[in-house]
Structure formats: structure tokens, C-alpha cells
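The values are calculated or read from the model by the stated rules, or taken from the named source; none is laboratory data. What you see is a predicted model, and the numbers here were worked out from it, not measured in a lab. Reconstructed Cβ throughout: ideal geometry from the backbone, glycine too, with neighbour counts over all protein chains shown.
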Amino acid sequence: MYYRHAVFEVEVKYRVPGHDAIKEKLKALNAKFLEHTEETDIYFNSPIRDFAKTDEALRVRIYGDGTVVLTYKGPRIGGIGKTREELSVTVNDLESLLEILRRLDFKEVARVIKRRDIYNYENFTIYIDIVEGLGNFVEVETMVNDRELINKATEEVLQLGDKLGLRRDWIERKTYLELVLEKNSMNKP
């Protein structure tokens, strides 16, 4: 039997006024530009438990090139960032995946649409995001496969954020999903 080791995404998200200064700092650090992509994230809630209460997420991400990835995110593990276990699988048939989820009574709760520039610097990935209806963000993340390394990795992510000129009072602790749901509830009559 094969057992998969847990992988933890250690991420800090910043709500930023713009991206130009950050892109210049990335260039000065010789960070490697990887790609520009557009992503549509469709979030679902389970018929057997409320992910909003359990702090879990089930997401179908559709990339601009048509790639589809189903991701489960476990509950956040404390701290200033948004560290959580993450499991993903690439799927080659979006419509069948959505139909399977519907037949199992998973309900779509929201969509998050973003334009994203992706950079790599050392063992970090930096996402420069424009999120439809929410504005400008930067995410700095790294992955660890040992729970004991999470605090150290979080501090390293914050230090890179400092190098990039990302102020710690810009840190956004809510997920894009939470921000979209909050905005949608405020817009209801």
C-alpha cells in the first residue's frame, strides 16, 4: 500500500496598492518570471459537512490553457499565514468532474477569477494577482513536507515579503474565497 506524505503550503497573502514596485524588486533580486496565467477557481461545499465550519476547501481550478486541477485544502494550521495541507490531482475532463460533484450533492459556493504573474525566487513562489472584484494582491509561498518546518518556513516567507517591500500591515488573512463570499453578502439587499 502506498502512503502519501503530507505537503503543507506555507503562504502569506498581502493586499497591495499596486504591483509595479514589487515587480521591480523581484527583478532586482533576479527572481525568475515563470508565466502569466488566468485562473478560474470554482469552490464547492460538501453535502456531509460545512467546509466553512471545518475550515476546509474543495476547489476546481481551470487554467487559461485548459488544464483542470481538483484540490482539497485541509484546515489552516495557526500562525500569521495560511498554512494548510494540500492535495491536488489533474483532471482531463472538466464537465465530467463537475457532473460527478453535482451528482454527489456538492454545491458550488463561489467563483474566484484572477490574472496572475508567477515568479520563482530560491525555494519560493511569488504570485502577483489581480482578482476580479477584489483588487491587487501578492502571495508569497513555499512548500514543506514536515510539520516541524512550518514556523521556520513562515518566518522565511515573511522575510522575503519584507525584502519585496510588502508591509506586514498589508497582510490579508482571509482566503480569496472568504473575501468573495464577504463581498457577495454585503452586496445582497
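Worth pointing out:
- Matching residues in the stretch 163-189 - criterion: being within 15 Å of Lys73 (Cβ to Cβ) and among the β-branched types (Val, Ile, Thr): Thr175
- Unmet requirement for Phe124, which otherwise passes all of (1) within 15 Å of the chain's Cα centre (by Cα); (2) at positive phi: (2)
- Identity of the residue in the stretch 151-162, under 20 Å from Ile77 (Cα atoms) and free of Cβ contacts under 8 Å to residues at least 60 places away in the same chain, that ends up surrounded by the most Cβ atoms within 10 Å (Cβ to Cβ): Glu156
- Flag if Val180 is out of contact with any helix residue (DSSP H, G or I) (no Cβ under 7 Å at 6 or more places or on another chain) and surrounded by 17 or more Cβ atoms within 10 Å (Cβ to Cβ): yes
- Of all residues in the stretch 1-19 being charged (D, E, K, R) and modelled with pLDDT under 95, the one that is farthest from Val112 (Cα to Cα): Arg4
- Scanning the stretch 68-77 for residues that are crowded, with 17+ Cβ neighbours inside 10 Å and either assigned to a strand (DSSP E or B) or touching a helix residue (DSSP H, G or I) at 6+ places or on another chain (Cβ under 6 Å) (or both) gives Val68, Leu70, Lys73.
- Screening the stretch 1-67 for strands (runs of 3 or more DSSP E) wholly inside it with 2 or more residues that are loosely packed, with under 13 Cβ neighbours inside 10 Å returns the ranges 32-45.
- Flag for Glu108 being part of a strand (DSSP E or B) and either touching a Cys at 6+ places or on another chain (Cβ under 9 Å) or at pLDDT below 95 (or both): no
- Residue match in the stretch 157-165 (condition: part of a loop (DSSP other than H, G, I, E, B) and modelled with pLDDT of 90 or more): yes
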